[in-house]
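Undergrad: For reference, the structure I am asking about is given below.
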Amino acid sequence: MRTLSILAIAGLMAVGTAARADAEAAKATATGLCAGCHGAKGISAADSFPNLAGQKKGYLITALKAYRDKSRNAPMMNGMAGSLSDQQIEDLAAYFSGLKPE
C-alpha cells in the first residue's frame, strides 16, 4: 500500500512538472508567433486583430484547428496555425484563456 502511495505521489509530481513545461512552451510560442498581432499579453494594439487574453479555451482550440485545416479562411492565420500541433494548440489555448483581459 505504501509503495502505491509513493508511486501515485511521484506520478502527480511528474504531471505537475510537465504542465509547467507546457506552460513555458506555450508562453514562448505565444511570444514568438502570436505577439506581433495579438500583443505580448494577448491584448492587441490594433482593432483589426482580436484580443486573445481571457477568451474561452474551447473557442481558441476550435478556432486554431479551423485555421490550421483551412476550414476557416484567413490566409495569415492559416499560415500561422498551419505548423501547430494539437498539443501546441491546447497549450496556447490554456495560456491565452488564463490571461486577464485588460
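Undergrad: Could you sort 28-35, 42-49 so that the peptide with the highest average Cβ count within 10 Å comes first and the rest follow in order?
TA: Packing proxy ranking, top to bottom: 28-35, 42-49.
Undergrad: Need the list of lysines near Lys100 for cross-linking: C-alpha distance under 24 angstrom, and skip anything on the same chain fewer than eight residues off.
TA: Qualifying lysines at Cα under 24 Å: Lys27, Lys41, Lys56, Lys57, Lys65.
Undergrad: How do the peptides 92-101, 51-60 rank, highest first, by the average count of neighbouring beta carbon atoms within 10 Å per residue?
TA: 92-101, 51-60
Only the coordinates and a few stated rules stand behind these numbers; no lab work does. All values reported here derive from a predicted model rather than from experimental measurement. Backbone-built Cβ (ideal geometry, glycine too); neighbour counts: all protein chains shown.
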